[in-house]
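**Q** Below you will find the structure I want to go over with you.
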Amino acid sequence: MSFYVTTPIYYVNAAPHLGHAYTTIGADILARHMRQRGEDVFFLTGTDEHGEPVVQAAEREGITPRELGDANAPRFRELMDRAGVSNDFFIRTTDPEHEARVQEILQRVNDNGHVYPGTYEGWYCPRCADFKTDTELGPDNTCPIHGIPLDWQQEENYFFRLSTFQEPLEQLYAERPDFVLPQARFNEALAFIRGGLADVSLSRAKITWGVPVPWDPSQVFYVWFDALLNYVTALTYARPGEDLIARYWPPSFQLIGKDILKFHAVYWPALLMAAGYDVPRHLFVHGFLLMQGEKMSKSLGNVLDPLAVIERFGADALRYYCFRDVSFGQDGSVSTADFETRYETELANELGNLASRTLAMVERYRGGVVPDAGVDPEPAADFDGLVGLVRDRLDRADLTAALDEIWQRVRRLNRYVEERAPWQLARSDDRADELDLTLRSLAEGLRVVTVLLYPYIPGTAERLLQALGQPGLELEGARFGARGGGARVAGIPPLFPKP
Ligand code: ME8
């Protein structure tokens, strides 16, 4: 089976921050998990380089929008690399191949009768690049997301007949109750649709930085239509000479933040229907990471620098923290203090110590070879069905619930060490069988949790599995007892050292 997962493409108007890393790491966890299941995965991320948000930021810096994109796109790539993100392609909407495909697809939408010229009049947020409807206005006509005064816009442009998709969209939502996850976001999107859909601007007359409208080059496409289509266009040129559409379309999961729900849950499926493509299987909408109670954002300046965290604690600690501390799908506060607590109590003490103790005891008591004994039925019972639980949670992109299932087993193994006290068993020769069983069960439990944790903390998991002498990452092998004893282990430095 193929599995196509995407993130939003991020505006290059400023440096990336933790919010961008968050969605992309979330998608990476799904991609890695699906690869462990043997699926044929394609994972896309990238940058959104056209439109007003980028034009205005470039003006402020006294450079061209293209120069700004060329300066900032590599910073997004670098962050993703440093965060251990395994994307298969990085799209930039200034790629000429993307621009050409946008023109082709939107020409087809026009040819199919979904476009007409008209006059737009209404409120517009230049930071969101969003024409706000009456229900989306903050107090005194401000942007509810950015808190800035909205502009009253009036211009002649081309409109997309969104209103004609009201019924098909309602039908889509009726037939596919998991089209948008979690449920609360599904309800929100459906309420928006039922509230009545007005046609939306497809092009802009006042902006020149964008993809020219082929039938009227005095206009450029409204940045959102150009940007949304990245999910299609990337597949046409990510692998030179190959068109990957047949192999991967439609997307299995599209991850987005709640700020861009309307575009993805309403405009996007309508646009796909108009262009003759299947709609995605699932959109997963996560909440905001907050700092000091406010949305972390470039324009508000209250950002936690992910590169600094990675530099000090490593990428895996950041990846773990993001999905452990904030329930994926909800808003949640993050802070340096919470991060440091989780690092020390959970990663270093619970997992790190479990690993170093297990490896050290196999070394000391059994010369570094995991005993070829059976597994203890007691801890084994607590791992029963675990793989299935994790799969089910991740099939719904519930990254936090899956991680919690795994972490409960990390804690179970720590209790097991205390219950069995191998250091006492080692004192009497007639308890050698018990010690064999205990060490083998510990090593096996540790292997299982590590395979399951791999998508979250890939670098650490690979190192630990190597040390356990069992490098296999396949999910099939994550059953307790799936692998035999006899492996030779190796000592490793602390997995989560004090920074
Ligand atoms: O909206 N918490 O780009 P953008 C969680 N180019 N996630 C956050 C976040 C926060 N505080 N801040 C940002 C755009 N994000 C468009 C998208 S897609 C066709 C075009 C993440 O740079 C989250 O995924 O403003 C959010 O939806 C996205 O960054 C917005 O990125």
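**Q** For Leu283, enumerate residues with amide H under 5 Å from its amide H, sequence gap 5+ or separate chain, H modeled in the peptide plane.
**A** Close amide H contacts, sequence-distant or interchain: Val180, Leu181, Gln254.
**Q** Please express the shape of region 334-390 as an equivalent ellipsoid: the semi-axes are the square roots of 5 times the eigenvalues of the C-alpha gyration tensor, given largest first in whole angstrom.
**A** On the way: eigenvalues 164, 81, 10 Å².
Value: 29, 20, 7 Å, ordered largest first.
**Q** When the accessible area of region 205-252 is split by element with a 1.4 Å probe, what percent falls to carbon and sulfur?
**A** Values: 950 of 1710 Å².
After summing per-atom areas, the C and S share lands at 56 percent.
**Q** Could you pull the accessible area for Tyr277 with a 1.4 Å probe, rounded to 10 Å²?
**A** 40
**Q** Let me ask something else about it. Can you compute the charge dipole magnitude of the chain about its Cα centre, using +1 on each Lys and Arg Cβ and -1 on each Asp and Glu Cβ, nothing else charged? Give it in debye, rounded to the nearest 20. The partial results should precede the final answer.
**A** Values: 50 positive and 71 negative charges, 223 e Å.
Charge dipole of the chain: 1080 debye, to the nearest 20.
**Q** While we're on this one: What distance in nm separates the two pseudo spin-label positions at Ala308 and Arg488, each 7 Å out from Cα along the beta-carbon direction?
**A** 4.6
**Q** With a 10 Å radius around each residue's Cβ, average the other Cβ atoms per peptide and rank 45-52, 145-152, 399-406, highest first.
**A** Working: 45-52: 26.9, 145-152: 15.9, 399-406: 20.9.
In descending order of packing, they fall as 45-52, 399-406, 145-152.
**Q** Hey, if we sort Arg396, Arg483 by accessible area with the 1.4 Å probe, largest down, what's the order? Please list the in-between numbers first.
**A** On the way: Arg396 130, Arg483 75 Å².
Result of the area sort, largest leading: Arg396, Arg483.
**Q** Can you give me the orientation-averaged projected area of the convex hull built on the Cα atoms of region 343-496, in nm²? Don't skip to the end; give the middle numbers.
**A** Details: hull surface 32.8 nm².
For the Cα atoms of region 343-496, the hull's average projected area reads 8.2 nm².
**Q** Order Asp316, Asp81 by their accessible area, 1.4 angstrom probe, all chains in place, largest first. Before the final figure, lay out the partial values.
**A** Working: Asp316 20, Asp81 110 Å².
Result, largest first: Asp81, Asp316.
**Q** With a 1.4 Å probe and all protein chains left in place, how much of the accessible area of region 255-356 comes from carbon and sulfur atoms, in whole percent?
**A** On the way: 1560 of 3460 Å².
Solvent-exposed carbon and sulfur of region 255-356 make up 45 percent of the total.
**Q** Something else: Over the chain, what relative contact order in percent results from Cα pairs under 8 Å that are six or more residues apart?
**A** Working: 831 pairs, mean separation 78.1, N = 499.
Worked out over the chain, it gives 16 percent.
**Q** Output wanted: per-residue J couplings in Hz (rounded whole) for region 308-318, from phi through Karplus 6.51 cos²θ - 1.76 cosθ + 1.60, θ = phi - 60°, x for Gly and Pro.
**A** These are the phi-based 3J(HN,Hα) values: 5, 5, 4, 4, 7, 10, x, 5, 5, 5, 5 Hz.
**Q** How far apart, in nm, are two points set 7 Å out from the Cα along the Cα-to-Cβ line at Gln292 and at Asp433?
**A** 6.5
**Q** Ignoring ligands, DNA and RNA, what accessible area per residue does the chain give at 1.4 Å, in Å²? Don't jump to the answer; show the numbers that get you there.
**A** Details: 19530 Å² over 499 residues.
Result: 39 Å² per residue.
**Q** Name the long-range amide H neighbours of Tyr10: under 5 Å, sequence gap of 5 or more, or other chain; modelled H, no Pro or chain starts.
**A** Gly46, Thr47, Asp48
**Q** While we're on this one: Using the Karplus curve 6.51 cos²θ - 1.76 cosθ + 1.60 with θ = phi - 60°, what ³J(HN,Hα) values do you get for each residue of region 39-44, in whole Hz, with x for Gly and Pro?
**A** Here the 3J(HN,Hα) series is 6, 8, 9, 10, 10, 10 Hz.
**Q** What is the extension gain from Glu188 to Asp395, computed as 0.36 nm multiplied by their sequence separation minus the C-alpha to C-alpha distance, in nm to one decimal? Spell out each step's value before the answer.
**A** On the way: separation 207, 0.36 × 207 = 74.52 nm, distance 2.17 nm.
Working it through step by step, the gained length comes to 72.4 nm.
**Q** Compare Lys258, Lys206, Lys498 by solvent-accessible area with a 1.4 Å probe and give them largest first, with all protein chains kept in place. Let's see the in-between values first.
**A** Numbers: Lys258 55, Lys206 125, Lys498 165 Å².
My answer, sorted largest first, is Lys498, Lys206, Lys258.
**Q** Calculate, in nm to one decimal, what Glu170 and Thr341 gain on full extension: separation in residues at 0.36 nm each, minus their alpha carbon distance. Write down the numbers at each step before the final one.
**A** Working: separation 171, 0.36 × 171 = 61.56 nm, distance 4.56 nm.
Contour length minus the Cα-Cα distance gives 57.0 nm.
**Q** Given the chain reduced to its alpha-carbon atoms as identical point scatterers, what log10 I(q)/I(0) does the Debye formula return at q = 0.06, 0.12 Å⁻¹?
**A** -0.32, -1.05
**Q** Return the FRET efficiency for the residue pair Ser333, Glu39: r is the Cβ-Cβ distance, R0 is 51 Å, and the value is rounded to the nearest 0.05. Intermediate values should be presented prior to the final figure.
**A** Details: r = 34 Å, r/R0 = 0.67.
FRET efficiency, Ser333 to Glu39: 0.90.
**Q** Based solely on C-alpha atoms, express the radius of gyration and the Dmax of region 1-148 in angstrom.
**A** Taking only Cα atoms of region 1-148, I get Rg and Dmax of 18.1, 53 Å.
**Q** If the chain between Asp243 and Trp152 were fully stretched, how many nm would it gain, using 0.36 nm times the residue separation less the Cα-Cα distance? Present the calculation step by step, with values, prior to reporting the outcome.
**A** Working: separation 91, 0.36 × 91 = 32.76 nm, distance 4.21 nm.
Between Asp243 and Trp152, full extension yields 28.5 nm more.
**Q** Using the beta-carbon distance between Glu59 and Glu419 and R0 = 45 Å, what value does 1/(1 + (r/R0)^6) give for FRET efficiency, to the nearest 0.05? Write down the numbers at each step before the final one.
**A** Working: r = 65 Å, r/R0 = 1.46.
About 0.10, to the nearest 0.05.
**Q** Which value, in Å² rounded to 10, gives the accessible area of Met291 with a 1.4 Å probe and all protein chains present?
**A** About 30 Å², ignoring ligands and nucleic acids.
**Q** Something else now. Given labels modelled 7 Å from the Cα in the Cβ direction, how far is it in nm from Thr142 to Tyr116?
**A** Those two pseudo-labels are separated by 3.8 nm.
**Q** Any idea how far the Cα center of region 56-71 sits from the one of region 182-226, in Å?
**A** Answer, in whole Å: 24.
**Q** Same structure again: Using modelled amide H (1.01 Å from N, peptide plane; none on Pro or chain starts), what sits under 5 Å from the amide H of Ser333, excluding residues fewer than 5 places away?
**A** So Ser333 has HN proximity to Leu290.
**Q** Please report the accessible area of Asp40 (heavy atoms, 1.4 Å probe, ligands and nucleic acids excluded) in Å², nearest 10.
**A** Rounded to the nearest 10, that gives 50 Å².
**Q** Which number gives the lysine pairs in the chain that have C-alpha atoms under 17 Å apart and are eight or more places apart or on different chains? Before the final figure, lay out the partial values.
**A** Values: Lys132/Lys258; Lys132/Lys262; Lys258/Lys295; Lys258/Lys298.
Going through the chain pair by pair, I get 4.
**Q** Would you kindly derive the ³J(HN,Hα) couplings of region 262-269 from the backbone phi angles with the Karplus curve 6.51 cos²θ - 1.76 cosθ + 1.60 (θ = phi - 60°), listing them in order in whole Hz, with x for Gly and Pro?
**A** 4, 5, 8, 9, 10, 4, 4, x
**Q** Let me ask something additional. Within region 158-201, list the residues whose amide N lies under 18 Å from a label point set 7 Å along Cα→Cβ of Ser218.
**A** The answer is 158-159.
The values are calculated or read from the model by the stated rules, or taken from the named source; none is laboratory data. Just so you know, these numbers come straight off a predicted model, no measurement behind them. Reconstructed Cβ throughout: ideal geometry from the backbone, glycine too, with neighbour counts over all protein chains shown. To get the accessible areas, we keep the full protein, side chains included, count just its heavy atoms, and leave off ligands, DNA and RNA. Shrake-Rupley method; radii C 1.70, N 1.55, O 1.52, S 1.80 Å.
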